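First comes the structure, then the notes that go with it.
Nothing in this text is a laboratory measurement; each read-out follows from the coordinates by a stated rule. If you're wondering where the values come from, they're calculated on a predicted model, not measured in any experiment. FYI the Cβ positions are ideal-geometry reconstructions off the backbone, even for glycines, and counts take in every protein chain you see.
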Amino acid sequence: MSHAPMPDAERLAEPMRSRWSPSVFDARHVIGDADVETLLTAAVWAPSAGNSQPWRFVVAPRGSAAHTAFVPHLSRGNSGWVPRASLVLVAGCEVVDVKDADTARYDLGQAAAHVTLQAVAMGLHAHQFGGFDKDAAAVALGVPAHVRLMAGIAVGVRGDPAEVPERDREREHRERARRPLGEVAMGLGWQPWRP
């Protein structure tokens, strides 16, 4: 199955057009420190309110102590595919020392999007996920109390679907679809926006 964009996405620029979140990663692929640094630099240059840069990432390459500490806290649905990724970035944001926690979470989302798009530009794939015990993972990873974990980003290259259980393999065949603009773009009176 092709993971090319749906017809309404063909006018988007790369790497947005070909961004896709696989669930089958190559468990043999190793990501180098220079590539990890490039991904994190993409996050550093994301926009942030007042240049507060509230995002923080726990860097957990597969096989590292951070990875070993994090994996037991994955949800059942994520425990099969996330550990195969070359790298997991556990994303959090400061909830103290920033004026607005909602803005901090918004800024973290932008930083995560920058990581995801940079990964595609580097020939990698990234799959963001939220299914893990955030409080237990924070303790296991030694995250300070003023940082709240929000999501994870699994990064790597695509693997062979024949090497994973059927439930993880099924994700690879889901059709890519998004809501039509009429459901997400609104004008005055919460009416669908019309060009």
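At 1.306 mPa s and 10 °C, plugging the Kirkwood radius over alpha-carbon pairs of segment 1-90 into Stokes-Einstein gives what diffusion coefficient in µm²/s?
So the translational diffusion coefficient is about 102 µm²/s.
Scalar couplings 3J(HN,Hα) for segment 54-68, obtained by applying the Karplus form with A = 6.51, B = -1.76, C = 1.60 to θ = phi - 60°, are x, 6, 9, 10, 8, 8, 10, x, 3, x, 7, 4, 5, 4, 4 Hz; x denotes Gly and Pro.
In this structure the amide hydrogen of Phe132, modeled in the peptide plane, comes within under 5 Å of the amide hydrogens of Ser75, none closer than 5 places in sequence on its chain. Estimated from helices alone, the mean residue ellipticity of the chain at 222 nm is -8500 deg cm²/dmol (sum of -39500 (n - 2.57) over DSSP H runs with n ≥ 4, per residue).
Take peptides 108-115, 179-186, 120-127 and line them up by average Cβ neighbours within 10 Å, highest first, as a rough protection proxy. Mind showing how you got there, number by number?
Values: 108-115: 20.9, 179-186: 10.6, 120-127: 18.6.
Result, highest mean Cβ count within 10 Å first: 108-115, 120-127, 179-186.
What the phi angles of segment 32-48 give under the Karplus curve with 6.51, -1.76 and 1.60, with θ = phi - 60°, is a coupling list of x, 4, 5, 5, 4, 4, 5, 4, 5, 5, 4, 5, 4, 8, 5, x, 8 Hz, glycine and proline written as x.
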